């Protein structure tokens, strides 16, 4: 479960709200702190106060910064034509996974837009988490075409920006579970 710590995002949570969610999360469900260009102090505070399982870095953080904390991390890349994804992500070999999301010049994820899935290389050296505009209507096709380790959804299961819709969540999960992927 992702907890977004990026103030400009409509999905941003306060430390207090994140702590409440994290302490109520059942066992065996990972809590992921999502950051965009945070300070080291901010990351440490979230780890200390919320006890998150994983860190996700969605900005321009260096490999050294991402690896500097007491939690494993996921590194996100915003995919666009001309980006050599393997070269871009190679320095993040210490990441548990690479998250691939749609590029938008002014936004860091949660755009609701997809990207050209043919740009995902088959030679990735880390597990791929596919993100970016996934919905119940396109997730099965995305899985068949990309063969990711996992999928990530946010805007595709929202009633409005930052507000999740239980029926859309159920439809998304159902689409994945009911398909031979």
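Any read-out appearing in this document is the output of simple, stated calculations on the displayed coordinates, not a laboratory observation. What you see is a predicted model; the values in this text were computed from it and never measured. Cβ atoms come from the backbone with ideal geometry, glycine included; neighbour counts cover every protein chain shown.
Averaging sequence separations of C-alpha pairs under 8 Å and six or more residues apart, then dividing by the length of the stretch 37-181, give the relative contact order as a whole percent. Relative contact order for the stretch 37-181 comes out at 16 percent. The distance linking the stretch 16-65 with the stretch 120-140 is 22 Å (Cα centroid to Cα centroid, whole angstrom).
Note on mean projected area of the Cα convex hull in nm²: of the candidates (i) 9.5; (ii) 20.9; (iii) 10.2, the value calculated from this structure sits at (iii). Highest-first packing order for the peptide set 3-14, 158-169, 60-71 is 3-14, 60-71, 158-169, based on the mean count of other beta carbon atoms within 10 Å. With both residues required to sit in the chain, DSSP beta bridges show an antiparallel share near 10%.
Could you sort the peptides 126-137, 85-96, 23-34 by per-residue average Cβ neighbour count (10 Å cutoff), highest mean leading?
Values: 126-137: 20.3, 85-96: 15.4, 23-34: 13.2.
For the peptides 126-137, 85-96, 23-34, the packing ranking is 126-137, 85-96, 23-34.
In deg cm²/dmol, rounded to 500, what helix-only [θ] at 222 nm does the chain give when every DSSP H run of at least 4 residues adds -39500 (n - 2.57) and the total is split over its residues? Walk me through the numbers on the way to the answer.
Values: 6 runs with 50 residues, N = 181.
Helix-only estimate at 222 nm: -7500 deg cm²/dmol.
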